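The values are calculated or read from the model by the stated rules, or taken from the named source; none is laboratory data. All values derive from a computational prediction rather than experimental measurement. Note that we place each Cβ from the backbone using ideal geometry, even for glycine, and neighbour counts take in every protein chain shown. Heads up: the accessible areas ignore ligands, DNA and RNA and are worked out on the full protein's heavy atoms, side chains in. Shrake-Rupley method; radii C 1.70, N 1.55, O 1.52, S 1.80 Å.
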Amino acid sequence: QVQLVESGGGSVQAGGSLRLSCAASGRSYIMGWFRQTPGKEREFVAAISWTGGITNYQDSVKGRFTISRDNAKNTVYLQMNSLNPEDTAVYYCAAKEGIIPTASKGQYDYWGQGTQVTVSS
């Protein structure tokens with residue numbers, strides 16, 4: 001069983017930055033970030049392989065968000081820059097076994113409780 005605990009959410013003005021963290025218990029897995037707004041399906045944001053050598057991003061966040069990990073701390077990060085109101089959502093950390101950091105939420109086995117990110121215009 002893997003437990004995931006997110007932190008770092010909050011409120012920021014458009015153009016600002018936030019860094020989310022996700023601390024994982026147990027061994028490292030493929031880690032991903034997803035987000036969800038009321039009435040919409042949870043959508044993929046970014047994912048990273050166990051070594052950090054392979055990353056995957058949703059097109060709308062490429063060039064603005066960076067996913068990284070520190071396996072010594074069992075923590076994955078999501079650096080979010082140039083935030084806009086459309087990025088407002090609850091952000092969830094997720095983990096899965098395997099090699100490829102997939103965008104498919106159905107393939108992730110473990111989920112955190114979520115952290116709110118609010119971007120005001």
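Only Cα pairs under 8 Å and at least 6 apart count here; give the relative contact order of the chain as a rounded whole percent. After rounding, I find 36 percent.
Which whole-number percentage describes the relative contact order of segment 72-121, with Cα contacts under 8 Å and a sequence gap of 6 or more?
Computed value for segment 72-121: 48 percent relative contact order.
Only bridges with both residues in the chain count here: give the DSSP antiparallel percent, nearest 5. It would help to have the intermediate numbers written out before the result.
On the way: 36 of 40 bridges.
Counting only bridges with both partners in the chain, antiparallel ones make up about 90 percent.
The accessible surface of the chain, taken with every protein chain in place and a 1.4 Å probe, is 48 percent carbon and sulfur. A simple packing score, the average count of other Cβ atoms within 10 Å per residue, orders the peptides 109-116, 7-14, 41-48 as 41-48, 109-116, 7-14, with the highest score first.
Rolling a 1.4 Å probe across the protein heavy atoms gives the chain an accessible surface of 50 Å² per residue.
Segment Asn81..Ile100, full-extension length gain: 4.3 nm, with 0.36 nm per residue of separation and the alpha-carbon distance subtracted.
Taking all protein chains together and a 1.4 Å probe, the residues Glu6, Glu97, Glu86 rank Glu86, Glu97, Glu6 from largest to smallest accessible area.
What does the charge add up to near Gln58, with Lys and Arg as +1, Asp and Glu as -1, over the other residues with Cβ less than 15 Å from its Cβ? Spell out each step's value before the answer.
Working: positive: Arg35, Lys40, Arg42, Lys62, Arg64, Lys105; negative: Glu41, Glu43, Asp59, Glu86, Asp87.
Overall, the nearby charge balance is +1.
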